[in-house]
1. Mind checking which of R90, R27, R64 has the largest fluctuation in a GNM of the chain, springs on alpha carbons under 10 Å?
2. Give me the percent of the accessible area of segment 3-161 that comes from carbon and sulfur atoms, probe 1.4 Å, all protein chains in place.
3. With every protein chain present, what is the per residue accessible area of the chain (1.4 Å probe, Å²)?
4. Counting only the backbone N, which residues of segment 93-121 are under 12 Å from the spot 7 Å out from the Cα of E37 toward its beta-carbon?
5. How far is helix 59-69 tilted, in degrees, relative to the longest principal axis of the Cα atoms in the chain, given as a value from 0 to 90 rounded to the nearest 10?
6. Taking the Cα centre of segment 3-161 as the origin, how large is its charge dipole in debye, to the nearest 20, when only Lys and Arg (+1) and Asp and Glu (-1) carry charge on their Cβ atoms?
7. Residue by residue through segment 70-80, what is 3J(HN,Hα) from phi via Karplus (6.51 cos²θ - 1.76 cosθ + 1.60, θ = phi - 60°)? Round to whole Hz and write x for glycine and proline.
8. Over all directions, what mean area does the Cα convex hull of segment 3-161 project, stated in square nanometres?
Amino acid sequence: MSRLRIFAENAPDTPEFDSSDGDAIARELQEIGVTFERWQAAQPIAPGASAEDVMAAYRADIDRLVAERGFKSVDVVSIAPDNPKREEMRAKFLDEHFHKEDEVRFFVAGSGLFTLHVGDRVYEIECVKDDLIAVPDGTTHWFDMGPEPSFVAIRFFTEPDGWVGHFTGTDIARRFPRYRE
Ligand SMILES: [Fe+2]
């Protein structure tokens, strides 16, 4: 289930907000400029479906988002728990960083934990199947796929270089909960 928890940055044990309601999550995130939507597949997606099948099931929403935001490329990333590079892939996103383009992800299957650091608050968002999240450029954040990662996600890019992270060097991510540990 999608879930948002909001903490003061110095109180990682006591969330001041906790909800699994999609509309409530979208409202809270809208306040900090983050888009959160729940999409519906036009047709069922079979296990092992190709990237083309995945994109076809969400074509209307993908086309709308690309038209609204001018994305230059869209791809599908898929990570299973038995991936031999899972530890190194997980580690890549675990510390606080930002990007010079929006980070936009749609979860087709599985789940992952995005955590945003905005002002003196921390927004922890568990994204699951059918969740779209768009984090504005410059927003400091980290992402945890967990020790047994399992997700399929559509990624939207405006820059030709793909994923480039700028790390802040802080330890804040280590003071907040990791995913499923
Ligand atoms: Fe990122």
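The values are calculated or read from the model by the stated rules, or taken from the named source; none is laboratory data. This is a predicted model, so every value here is computed, not measured. Virtual Cβ from ideal backbone geometry, glycine too; neighbours counted across all protein chains shown. The protein model used for the area step is the full one, side chains on, heavy atoms only, and it has no ligands, DNA or RNA in it. Shrake-Rupley method; radii C 1.70, N 1.55, O 1.52, S 1.80 Å.
1. R64
2. Summing carbon and sulfur atoms, their accessible area is 47 percent of the total for segment 3-161.
3. Spelled out: the 1.4 Å probe surface of the chain, per residue, equals 51 Å².
4. It comes to 105-106, nothing else.
5. For 59-69 against the chain, the angle is about 60 degrees.
6. Roughly 420 debye for segment 3-161.
7. Here the 3J(HN,Hα) series is x, 5, 9, 8, 9, 9, 10, 10, 9, 10, 10 Hz.
8. Taking the Cα atoms of segment 3-161, their convex hull projects to 9.6 nm² on average.
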